[in-house]
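The values are calculated or read from the model by the stated rules, or taken from the named source; none is laboratory data. Since the model is a prediction, treat every value here as computed from it, not as a measurement. We place every Cβ from the backbone using ideal geometry, glycine too, and count neighbours over all the protein chains shown.
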Amino acid sequence: MFLQGYLPGILEGARLTLEVSAVSLAVSVVLGLFGAMCRLSPNRPIAWLADIYSTVVRGVPDLVWMFILFFGGQMVINDLAAYFGAEAPQINSFIAGTLTIGFIFGAYMTETFRGAILAVPKGQIEAGLAYGMSPRRVFFRITVPQMIRFALPGFSNNWLVLVKTTALVSVIGLPDMMYQADNAKSATQLPFTVYMVVAGMYLVITTISIVLLDRLQKRYTLGTREAEL
C-alpha cells in the first residue's frame, strides 16, 4: 500500500492547509487595508504606528512570530488567569495559527495596498471631488476599483507565499499537511517519498492559484489594455 496507508491523512491535512490559508488571507486583507489607510493617514502618530507594525513584522522571521504569539500568548493568558484565580483556557491551535499568519501577512498586504492606492491617479480623485462626490463615495467608486487592479500582482505573490507559510502551523500541533507528513515519515521511514508527495500537493495548490489569479488580473486590466490599443 502506498505510504503504508498514511496518504488519506496527508490529504486530510491538505484540506486543513487550505482552510488555514483561506482564513489567514481574510485576516491579512482586513489588516492590510486598515494598515494601508493608517499609513496614508495625515495623522502622524497613526501613520507612524502603522509604519512600525509593517517594518517590525516584516523584519522578524515568520517562525519566530509563530512561537512568540502562540507560546507567549499562552503565557500571558496563564498569568492573567492565575491573577484572577481562574483556570487558564488553552489557545486553540487553529485560531492561533490563522491569526498569527494573518498578522504577519497583514504587514505585507499593508505595503501592497498602500502602493496600489498611491498608484491611482490623483487627478481622477480630484475630479470626483470636484464633481460633487463625497470623499467616501470617491474612495469606493474611484479609488478601490483601480486599487484592486494595481494591487493584484503583489496580492497574488503574497497569497502564494502565505500558502507555503501555513506549513509553520505544524510546529504548534495543528495537524496540517506538514504535520501529517512528519508522522508518515517517522512511521514509514520514507522521508523522500513523503515529502515529494507533499511538495506535489503544494505545487498543485499554487499552480491552480496562479491560473485563477492570472484570469482575475486579466479581467481587471481588460479595459485598460483596450484603451491602450
Practice problem: Please state which of the following conditions Gly115 fails to meet, knowing it meets all the rest: (1) at pLDDT 90 or above; (2) crowded, with 17+ Cβ neighbours inside 10 Å. | Solution: (2)
Quiz item: Among the residues of the stretch 72-85, is there at least one that is charged (D, E, K, R) and either assigned to a loop (DSSP other than H, G, I, E, B) or modelled with pLDDT of 90 or more (or both)?
Solution: no
Quiz item: Does the stretch 209-228 contain any residue that is free of Cβ contacts under 8 Å to residues at least 60 places away in the same chain, assigned to a helix (DSSP H, G or I), among the aliphatic types (A, V, I, L, M) and farther than 19 Å from Thr17 by Cβ?
Solution: yes
Practice problem: Could you tell me whether any residue of the stretch 122-131 is in contact (Cβ under 8 Å) with a residue 60 or more places away in the chain and either part of a helix (DSSP H, G or I) or under 30 Å from Phe70 (Cβ atoms) (or both)? | Solution: no
Quiz item: With Val198, Val194 as the choices, which residue is under 17 Å from Leu160 (Cα atoms), in a helix (DSSP H, G or I) and either acidic (Asp, Glu) or touching a residue at least 12 places away in the same chain (Cβ under 8 Å) (or both)?
Solution: Val198
Exercise. Report, by residue number, each residue of the stretch 3-17 that is in a helix (DSSP H, G or I) and either surrounded by 15 or more Cβ atoms within 10 Å (Cβ to Cβ) or of a type in the set (Lys, Arg) (or both).
Key: Leu3, Leu7, Gly9, Ile10, Gly13, Ala14, Arg15, Leu16, Thr17
Quiz item: Across the stretch 55-71, what is the number of residues that are part of a helix (DSSP H, G or I), over 22 Å from Thr17 (Cα atoms) and not hydroxyl-bearing (Ser, Thr, Tyr)?
Solution: 4
Self-check item: Meets criteria (without any contact (Cβ under 8 Å) to a residue 40 or more places away in the chain, touching a helix residue (DSSP H, G or I) at 6+ places or on another chain (Cβ under 8 Å) and part of a helix (DSSP H, G or I)) for Lys164
Solution: no
Practice problem: For Thr143, indicate whether it is at negative phi and touching a Cys at 6+ places or on another chain (Cβ under 9 Å). | Solution: no
Quiz item: Just for the stretch 95-104: of the residues that are surrounded by 13 or more Cβ atoms within 10 Å (Cβ to Cβ) and over 21 Å from Ser54 (Cβ atoms), which one is farthest from the chain's Cα centre (by Cα)?
Solution: Ala96
Quiz item: Can you name every residue in the stretch 61-94 that is surrounded by 14 or more Cβ atoms within 10 Å (Cβ to Cβ) and among the charged types (D, E, K, R)?
Solution: Asp62
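A quick yes/no check of all residues on (1) out of contact with any Ser or Thr (no Cβ under 7 Å at 6 or more places or on another chain); (2) under 28 Å from Leu160 (Cβ atoms); (3) touching a residue at least 40 places away in the same chain (Cβ under 8 Å); (4) aliphatic (A, V, I, L, M):
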| site | (1), (2), (3), (4) |
| --- | --- |
| Gln4 | no, no, yes, no |
| Leu7 | yes, yes, yes, yes |
| Gly32 | no, yes, yes, no |
| Leu40 | yes, yes, yes, yes |
| Ile52 | yes, yes, no, yes |
| Val60 | yes, yes, no, yes |
| Phe67 | yes, yes, yes, no |
| Val76 | yes, no, no, yes |
Practice problem: Find the residue count for the stretch 38-54, including only residues that are in a helix (DSSP H, G or I) and surrounded by 12 or more Cβ atoms within 10 Å (Cβ to Cβ). | Solution: 10
